[in-house]
Structures are given as C-alpha cells and as structure tokens.
Amino acid sequence: MSEIWWSLPLTLLVYFATRKLAIKLRMPLLNPLLMSMVVIIPLLLITHVPYARYFAGSKILNDLLQPAVVALAFPLYEQLHQIRARWKSIISICFIGSVVAMTTGTAIALWMGATPEIAASILPKSVTTPIAMATAQSINGIPAISAVCVIFVGILGAVFGHAILNIFKITTKASRGLAMGNASHALGTARCAEVDYQEGAFSSLALVICGIITSLLAPFLFPILLKLFG
C-alpha cells in the first residue's frame with residue numbers, strides 16, 4: 001500500500017497551527033495533539049484514506065519519537081544537583097504514584113466487569129507507550145489497548161493536569177513536574193517542558209523512574225489485584 005504525499009505536510013500544518021492558537025488563547029483544550037486528532041481523523045474518514053497509507057507518508061515523525069524522548073535527559077542532567085539532594089523523596093513519590101496508578105485503573109476496570117485481559121491492558125496506562133505495551137504483554141494483556149489507554153491518559157494529563165495542580169495550589173516546580181510525569185508520562189512531560197524548564201526536568205525523571213517501577217511490579221501486582229477485585 002503506497003503512502004500519500006500530503007500526510008506529512010498536513011500533520012505539521014495542523015500541529016503548528018493548533019499550537020500557535022493554544023499559545024494565543026491559553027486554552028488547555030486546544031492541546032496540539034488532541035486538536036490534531038480531532039482534525040485529521042475525520043478527514044481520513046471522509047476521504048476514505050486508510051490509516052496505514054497516512055502513517056506511511058508521515059513515518060519520519062514516528063521515527064523521531066525515540067531521539068525526542070532521549071533528548072528529555074538533557075534538562076534532567078542540568079537538574080542533577082537537585083535530584084541528588086532529594087533522591088529519597090523522589091523515589092518514594094514515584095513508587096507510591098506508580099502503585100496507585102496501577103491499582104486504581106485495574107481495580108475500577110475489574111469492578112465494572114472487565115475481563116482479566118482488558119484489566120491487564122489498562123494496568124500500565126500511566127507509563128510511556130513502549131513500556132506499557134511490553135508490560136501488558138508480560139501479564140497477558142493486549143498491547144494495542146494499552147497504547148490507546150496511554151495516549152488517552154497522556155492527553156488528559158496534558159490538557160487538565162496544570163489546571164488541577166493550580167486548583168490544589170501546588171506551586172513547587174519539583175512537585176508539579178513529578179506529578180505530571182507520574183500520571184501522564186511523555187505527553188505530560190512535553191507540556192511541562194513548555195511551561196517551565198525545571199518542571200520538565202522533574203517530569204522527565206518521573207517518566208523514567210515510574211516506567212521502571214511499573215515494569216518490575218506489574219507481574220507481581222496484577223495477580224493480587226485479580227484476586228481482590230476479580
């Protein structure tokens with residue numbers, strides 16, 4: 001199946017246009033990723049263009065995701081002195097946050113009648129996509145569903161995360177960054193980096209630590225949750 005030439009220009013045009021609009025109007029709902037989906041998905045449906053063709057034409061953007069994630073380590077390196085001073089608190093926060101994120105999503109899914117396979121797919125929703133998909137597969141979940149859950153959670157965090165932190169009057173940059181990275185992984189981290197450099201660094205740190213904790217704990221935690229709520 002051949003690619004379509006206009007998929008890359010369209011993606012870039014929609015993203016930068018919505019980003020400029022979001023900066024100008026300061027409306028969280030105008031998140032560039034969310035608005036890009038709102039514009040592009042209906043367009044593909046109307047024109048009957050298969051997603052595979054659209055993806056092939058803009059594959060270069062997908063290839064840039066890995067170096068983009070690695071680039072998040074740079075602000076992390078610049079805040080290394082603060083991280084060394086607070087490492088016990090940071091590890092504790094990320095551990096508690098990871099356990100809560102895994103437990104709540106899985107418990108609610110099982111309580112509402114989800115099958116163990118679906119519940120296992122939801123469990124790693126708060127970590128970045130590659131880790132979530134690998135974790136779901138290790139506990140007999142469906143990686144594709146995990147990827148959708150990760151995107152959904154990330155968009156929610158990027159759109160509403162700072163508003164919720166403001167409501168609860170959480171102003172410390174380290175706290176805000178750790179909360180966003182813990183709850184909404186790479187998308188939350190990208191949003192933090194736009195708002196404040198230091199927030200982005202702590203969010204990037206939480207992204208990494210929570211990914212490691214989730215991948216290590218999930219195989220042990222999921223059977224316990226299945227017995228308690230299944």
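Just so you know, all these numbers are worked out from the coordinates, no wet-lab data involved. On a predicted model such as this, the values are computed, not experimentally measured, just so you know. Virtual Cβ from ideal backbone geometry, glycine too; neighbours counted across all protein chains shown.
Here are the numbers for this structure:
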item	result
I91 paired with L61, simple spin-label distance in nm, labels 7 Å along Cα-to-beta-carbon	4.0
Net dipole in debye of region 1-63 [+1 Lys, Arg Cβ; -1 Asp, Glu Cβ; about Cα centre; nearest 20]	300
Per-residue ³J(HN,Hα) for region 90-103, Karplus 6.51 cos²θ - 1.76 cosθ + 1.60, θ = phi - 60°, Hz, x for Gly and Pro	5, 4, 4, 4, 5, 5, 4, x, 5, 5, 5, 4, 5, 5
Cβ-derived FRET efficiency at R0 22 Å, A144 paired with T104, nearest 0.05	0.50
Extension gain, E117 back to L228 (0.36 nm per residue minus Cα-Cα distance, nm)	38.4 nm
In Hz, Karplus ³J(HN,Hα) per residue of region 27-44 (6.51, -1.76, 1.60; θ = phi - 60°; x = Gly, Pro)	10, x, 5, 8, 4, x, 5, 4, 5, 4, 5, 4, 7, 7, 4, x, 4, 5
DSSP loop chymotrypsin sites (Phe, Trp or Tyr not before Pro) with at most 11 other Cβ within 10 Å excluded, longest remaining stretch of the chain	6-167
Cα→Cβ-extended label distance, 7 Å offset, between Y77 and L21, nm	3.8
Cβ-Cβ FRET estimate between S175 and L217, R0 fixed at 22 Å, reported to 0.05	0.45
